[in-house]
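Participant: Before I ask anything, let me first share the structure, which is written out below as structure tokens.
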């Protein structure tokens, strides 16, 4: 017969470990993990950084596209502007997600 993968040990609520960021003993987290309050704080900061970087780079991309799309033939202006707008929105979404994840991992390892 196979043993269960994780055993709570002698404690019915499981063991408690200190939060890797604030050091507060929290039950139910593993070694090196963050408590719920720290995860929320880090996620909020990472989202703010992600939105800022995504907005700035999207504005730069939109400016570049505006200057570049002036040279497109008048017959293709509508299509070119639509593709440019879709590209800018996709750029914002991808940049936000990537920067948010990088910022989360970076902030998670830092002390408050």
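FYI, it's all coordinate maths here, none of it is from the lab. No experiment lies behind these values; they were computed from the predicted model shown. Every residue, glycine as well, gets a Cβ built from its backbone with ideal geometry; the counts of neighbours run over all protein chains shown.
Participant: Per DSSP H run of n ≥ 4, the term is -39500 (n - 2.57); total these for the chain, divide by its residue number, and report the mean residue ellipticity at 222 nm rounded to 500 deg cm²/dmol.
Facilitator: Rounded to the nearest 500, it is -21500 deg cm²/dmol.
Participant: Here is a further query. Report, to the nearest 10°, how far helix 77-109 tilts away from the longest principal axis of the Cα atoms in the chain, using its own Cα long axis and a range of 0 to 90°.
Facilitator: Computed tilt is about 20 degrees.
Participant: Of the listed peptides 68-79, 51-62, what is their order by residue-averaged count of other C-beta atoms within 10 Å, with the highest listed first?
Facilitator: 51-62, 68-79
Participant: So what's the angle, to the nearest 10 degrees on a 0 to 90 scale, between helix 36-68 and the longest Cα principal axis of the chain?
Facilitator: Long axis of 36-68 versus the principal axis of the chain: about 10 degrees.
Participant: Computed from the coordinates I sent, mean projected area of the Cα convex hull in nm² equals one of (1) 7.6; (2) 8.4; (3) 11.7. Tell me the label.
Facilitator: (3)
Participant: Contact order normalised by length for region 34-109, with contacts defined as Cα pairs under 8 Å and 6 or more residues apart; what percent is it?
Facilitator: Relative CO of region 34-109 lands at 58 percent.
Participant: Using a 7 Å offset from the Cα along the Cα-to-Cβ direction at both residue 66 and residue 47, what is the distance between the two label points in nm, to one decimal?
Facilitator: Result for the modelled spin labels: 2.9 nm.
Participant: Full-extension gain between residue 93 and residue 24, please, as 0.36 nm times their residue separation minus the C-alpha to C-alpha distance.
Facilitator: Taking residue 93 through residue 24 to full extension adds about 21.4 nm, to one decimal.
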